[in-house]
1. Given the C-alpha centroids of region 241-318 and region 22-80, what is the distance between them in whole angstrom?
2. Using 0.36 nm per residue, how much length does the chain from TRP103 to SER3 gain when fully extended, once their Cα-Cα distance is taken away?
3. Rounded, prolate or oblate for region 58-109? Axes are the square roots of the Cα gyration tensor eigenvalues, ordered a ≥ b ≥ c, and the cut-off for rounded is a/c under 1.5.
4. Tell me what the chain gives for mean residue ellipticity at 222 nm when only DSSP H runs of n ≥ 4 count, each as -39,500 (n - 2.57), the sum divided by the residue total, rounded to 500 deg cm²/dmol.
5. By DSSP, what percent of the beta bridges with both residues in the chain are antiparallel, rounded to the nearest 5?
6. Please find the FRET efficiency linking THR549 to GLU526, where r is the Cβ-Cβ separation and R0 is fixed at 22 Å, and quote it to the nearest 0.05.
7. Report the trypsin sites (Lys or Arg not before Pro) located in region 606-676 that are in a DSSP loop and have at most 16 other Cβ atoms inside 10 Å of their Cβ, or state none.
8. Answer with a single label: of [x] 180; [y] 203; [z] 368, which was calculated as volume of the Cα convex hull per residue in Å³ from the structure in view?
Amino acid sequence: DLSLGYGKGISRFTEGKRAIHDENLGPLISTEMTRCIQCSRCVRFGDEIAGVRELGLMERGEELEIATYIDATVQSELSGNMIDVCPVGALTSKPYRFTARAWELKQHASIAPHDCLGSNIYIHTRGEIQTPARQVMRVVPRENESINETWISNRDRFSYEAIDSEERVLKPRVKYRGEWQEVSWGVALAEAVHRLDTIIKQSTAAQIGALISPSSTTEECYLLQKIMRQIGSHHIDHRLRHADFPDQAYQDCPTLGFPIADLETLTGLLLVGANVRLEQPIASQRIRKAVKKGAKVMCINPIDYEFNFEVDQKSILGAAEFVGELGAILKILLIQLPKENISNELAQWIAPFELSPTATKIANQLLHAEKTAIILGAYAIGHPDAAMIRLLAEKIAALTKSHIGVLSHGANSAGAWLAGAIPHRTPKTAVDNPGLNAHEMLVKPLRAYLLFGVEPERDSAYPSLALNALKQAECVIALSTFSNDMIADYADIILPMATFAENSGTYVNAEGAWQTMAAATLPYGESQTGVAILCELAKTLHLPGFEYTQTSDILDELKTQLANKTATTNTLNRTDVYPQKTKSAVLYRAGDWPIYHVDSLVRRAKALLQASVLENVSTIRINAVLAKKLHLQADSLVEATQADCKITLPLMIDERVGHNQVWIPSGLEITAGFGEAYGEIELIAGAC
């Protein structure tokens, strides 16, 4: 850039330059290896920061070059940071390359919208300075030592590509007699209100439910729950991937419980149902730093996930044995701490559990390490016995004086709880007649649904139930950025919504920090921000209290309610969370969401889609023992059945998968509408 701006147009050098062929590092990073000065910063980043040494120095002398060892692509979830550390532009962003010059761009501070860490980012846009309508060109890290330091994940860096997706909805749409028509905002909102009013008059508002994305801003969550409660329905929830709710009134707000930066100061850590490397890559990098200082990491997981740090102890178990291992750890601690007491019910419940050597080592590590923590991940949150997992983890943490926390789904699950986007309480107080949770709204189909930023057939832990419920509903109003064949089939009205880059709002991250972002550009086409749509919908419904002049007014109103919050009450007995003993011989599905399929944005970012193909996630995976037991062969087609749903996929033998566990990822196009993410499953050999 400096040479172009200030240099001469001719050179006094006539000798031929050293030329090196460019490396193919995959769909995210482009190379210009003739520029490379062999500083090895990219190599060191992979080795020291990302924990995956995918690049190395080859040959010697003038033949020296940086490349992958076996001509493989770079697949680390943090690999995009190599672009930033390269001092000469030998490594560049493949989607952004040759599209703009640095001096053409305007920089906007924002927050990454994909996981609960709330990584700080800059959105770079190009366009006229005088007009806010600018094109998003790239996303780069913004330094924040307390959260993401100077790094961001590939998911946060490249998901902006979805803004220009072919599936983007830019005008309101209404379905008349099965045919979609583009209409004005006034017509679309009037039609939405007419259909909702008709259902309310014919039955009650209790026939209307709302599902909202856990990556929605706190302001959006607050407004939607306010609308729902004013029309007379408490059926609102953001917990689409939860399966167990009996202890919900005991929870206030799911957070890590301590600062994110303190992850690297731990001396002992137990991960329960957490694939932290792919679910929260920046948190994983912090944990790696702790391990390098001597911390001991232990895990209880359904799959032997590949971490970028060394694991000291691990139990890889099926869903039926998952709770039992935590019960065994608690039992060991009670033996070692005879003066500690628990309820008779819990003592009787854990009495039959066998004390495995791994459970004993985990208990000892937690008991004797100086600074320890227990973290529940996505699998633990979505497990059919999630309430019992939380209870046991709390007891273990209390006995070992450990921190206990949650790394929740989405970018703003904590904010959604605080804003009252849950059926049993408002931001201020518990409700007298709690509404249906996200699961119950699908088990007991309603007449109308409001969908806010979600695709339930891919985002819910119950995609089959979701698809059936939405198809039979009389009215489905989707506030959505995108549309596809499934949405077009079950929706009746689509109100086009802005993306994160076009939106202003607040996220509450895993440590409880409130982070507010401003829009980097105007909404594309005729799409509007979620706040603007909800306010107009409320006014069309003639609801009072939606005369906000700016987003900060909504936040001030919410914080006032939180300041006057009353203690929640609950009639549930905590013993109600004790699950029935499950049959260990039954096969259970582990349907976690791959890193590039967690939400509607990343699923439509072209570069990330290409990267997900390299991961080969569209498969059924079981271990060799189970394959032999079921007489299934690797690379053959296998039919998986859950209830009335069937799907046929290639089989992979993967020794990382736990006992009687079947790994079929959720969130994929091919698994949309299939079964349950964490339910029972059957496998048979498929047709050739």
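Nothing in this text is a laboratory measurement; each read-out follows from the coordinates by a stated rule. As the structure is a computational prediction, the values presented were derived from the model and not from experiment. Here the Cβ is made from the backbone with ideal geometry for all residues, glycine too, and neighbour counts use every protein chain on show.
1. Using only Cα atoms, the two centres lie 29 Å from each other.
2. That works out to 34.6 nm of additional length.
3. Note, shape of region 58-109 comes out prolate.
4. -8000 deg cm²/dmol, from helical runs alone.
5. On the way: 47 of 88 bridges.
Rounded to the nearest five, the antiparallel share is 55 percent.
6. Here the calculated transfer efficiency is 0.50.
7. For trypsin sites (Lys or Arg not before Pro) across region 606-676 that sit outside H, G, I, E and B with at most 16 neighbouring Cβ atoms in 10 Å, the list reads ARG656.
8. Checking each listed value against the structure points to [x].
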